[in-house]
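Have a look at the structure below, then the notes.
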Amino acid sequence: MSIRKLIMEGEGVSLDFKNRITSCEKIAKTMVSFANNKGGRLLIGVADDGTIKGVKSEDEERYMINRAAHFFARPALEPAFEEIYFDDKLVLMVEIEESDTKPHYALGDDGKWWVYIRVKDKSVLASKIVVDVLKRSDRNEGVLIEYSSKEKALLEYLEQHERITVKQYCDLLNLSRRRAQRILVNLVLSGVIRVHTTEKEEFYTAS
């Protein structure tokens, strides 16, 4: 695909523009969110509005990306680089593949490791439920679904209403947050319900 066509698609779930890399923490967050999702590409030397600025020092950008991938992401990531020339300007394309060792964590400014996922064109902090789903979805261990009254009540609620949040589910059945989260994780993994993360809140719908 041509660079122009890619840029015209605009930033999204699997594409991010960076004029240049200024912080290993920030770029690690984006790369981790791609690896935890379906993979993605970074175009370095492209402004947020899609203007091609080109990179000034390709070596410096590569160094920052590799440093972020190995020291600010856990497990480490292996970015693939491609140089693209457009109107005598160099754009560095960085490809991050979907990982088979999810979840990946990024080192935050606070010195803690956090899991990020991609929501539209943003890298968003993953909730405990999403982290559990990522951890367990690679194990292929299968989920034993026990349809107790608690699961049934949730599915009946979703037949009447479009969506439910963790808090609503806790209130509905007077459950502890931990218990509610465990039930939701199992139902997401077995494909019975879907988790939707937005920047403001997380909610669940029937699959």
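The values are calculated or read from the model by the stated rules, or taken from the named source; none is laboratory data. Source: prediction; values computed, not measured. Methodologically, a virtual Cβ is constructed for each residue, glycine included, from the backbone with ideal geometry; neighbour enumeration extends over all protein chains shown. Only protein heavy atoms, including side chains, enter the accessible area calculation; ligands, DNA and RNA are left aside. Shrake-Rupley method; radii C 1.70, N 1.55, O 1.52, S 1.80 Å.
Across the range 76-92, what is the total count of residues that are outside any loop (DSSP other than H, G, I, E, B) and either touching a Ser or Thr at 6+ places or on another chain (Cβ under 7 Å) or of a type outside the set (S, T, Y) (or both)? Spell out how you get there, then give the answer.
Here is the first cut: in the range 76-92, the residues outside any loop (DSSP other than H, G, I, E, B) are 80-86, 89-92.
Those still in the list that are either touching a Ser or Thr at 6+ places or on another chain (Cβ under 7 Å) or of a type outside the set (S, T, Y) (or both) too: 80-84, 86, 89-92.
Counting residues in the range 76-92 that are outside any loop (DSSP other than H, G, I, E, B) and either touching a Ser or Thr at 6+ places or on another chain (Cβ under 7 Å) or of a type outside the set (S, T, Y) (or both) gives 10.
Could you list, in sequence order, the residues of the range 1-23 that are out of contact with any helix residue (DSSP H, G or I) (no Cβ under 6 Å at 6 or more places or on another chain), part of a loop (DSSP other than H, G, I, E, B) and either at negative phi or open to solvent by 30 Å² or more (accessible area, probe 1.4 Å) (or both)?
M1, S2, E11, V13, S14, N19, R20, T22, S23
Can you tell me how many residues in the range 30-40 are more than 16 Å from N66 (Cβ to Cβ) and either surrounded by 24 or more Cβ atoms within 10 Å (Cβ to Cβ) or among the basic types (K, R) (or both)? Write out each step before concluding.
Pass one, the range 30-40, residues more than 16 Å from N66 (Cβ to Cβ): 33, 36-40.
When the remaining residues are screened for being either surrounded by 24 or more Cβ atoms within 10 Å (Cβ to Cβ) or among the basic types (K, R) (or both), the result is 33, 36, 38.
Final tally of qualifying residues: 3.
Per-residue answers, yes or no, for (1) within 20 Å of G12 (Cβ to Cβ); (2) surrounded by 18 or more Cβ atoms within 10 Å (Cβ to Cβ):
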{"residue": "L42", "(1), (2)": "yes, yes"}
{"residue": "F71", "(1), (2)": "no, no"}
{"residue": "E82", "(1), (2)": "yes, no"}
{"residue": "R118", "(1), (2)": "yes, yes"}
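Where in the range 93-207 are the helices (runs of 4 or more DSSP H), entirely inside, with at least 1 residues that are at negative phi and among the β-branched types (V, I, T)? Explain how you work it out, then say what you get.
Details: elements: 128-137, 149-160, 166-173, 177-189.
Result: 128-137, 166-173, 177-189.
Listed here are the residues, each with its yes/no results for (1) modelled with pLDDT under 90; (2) open to solvent by less than 50 Å² (accessible area, probe 1.4 Å); (3) in contact with a helix residue (DSSP H, G or I) (Cβ under 6 Å, 6 or more places away or on another chain); (4) under 27 Å from F34 (Cβ atoms).
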position: Y157; (1), (2), (3), (4): no, yes, no, no
position: R163; (1), (2), (3), (4): no, no, no, yes
position: C170; (1), (2), (3), (4): no, yes, yes, no
position: I193; (1), (2), (3), (4): no, yes, yes, yes
position: E201; (1), (2), (3), (4): yes, no, no, yes
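With the checklist (1) touching a Phe, Trp or Tyr at 6+ places or on another chain (Cβ under 9 Å); (2) closer than 30 Å to D48 by Cβ in hand, flag the one item G111 doesn't pass.
(1) is the only condition that G111 fails.
Consider the range 41-53. How many of its residues are part of a strand (DSSP E or B) and more than 17 Å from the chain's Cα centre (by Cα)? Lay out the reasoning, then the answer.
Initial filter on the range 41-53 (part of a strand (DSSP E or B)): 41-44, 46, 52.
Narrowing the set further to residues that are more than 17 Å from the chain's Cα centre (by Cα) leaves 43-44, 46, 52.
Adding up the residues that qualify gives 4.
Between residues in the range 155-177 that are more than 18 Å from G191 (Cβ to Cβ) and residues that are in a helix (DSSP H, G or I) and open to solvent by 100 Å² or more (accessible area, probe 1.4 Å), which pairs lie under 6 Å by C-beta distance while being six or more apart or on different chains?
C170/R177
List the residue pairs whose Cβ atoms are under 6 Å apart, where the first residue sits in the range 74-90 and is in contact (Cβ under 8 Å) with a residue 24 or more places away in the chain, the second is small (G, A, S) and surrounded by 15 or more Cβ atoms within 10 Å (Cβ to Cβ), and the two are 6 or more positions apart or on different chains.
Cβ pairs passing all conditions: L77/A35; L77/A69; P79/A69; K89/G54; L90/G54.
Is one or more of the residues making up the range 26-40 part of a strand (DSSP E or B) and touching a strand residue (DSSP E or B) at 6+ places or on another chain (Cβ under 8 Å)?
Residues of the range 26-40 part of a strand (DSSP E or B): 40.
Applying the additional criterion that residues be touching a strand residue (DSSP E or B) at 6+ places or on another chain (Cβ under 8 Å) yields 40.
The answer is yes; a qualifying residue exists.
Conditions tested, residue by residue: (1) touching a His at 6+ places or on another chain (Cβ under 8 Å); (2) among the charged types (D, E, K, R).
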| site | (1), (2) |
| --- | --- |
| L154 | no, no |
| E159 | no, yes |
| G191 | no, no |
| V195 | no, no |
| T205 | yes, no |
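Could you grab me the full set of residues in the range 173-185 that are more than 20 Å from the chain's Cα centre (by Cα) and either aromatic (F, W, Y) or open to solvent by less than 80 Å² (accessible area, probe 1.4 Å) (or both)?
Within the range 173-185, L173, L175, S176, A180, I183 meet the criteria.
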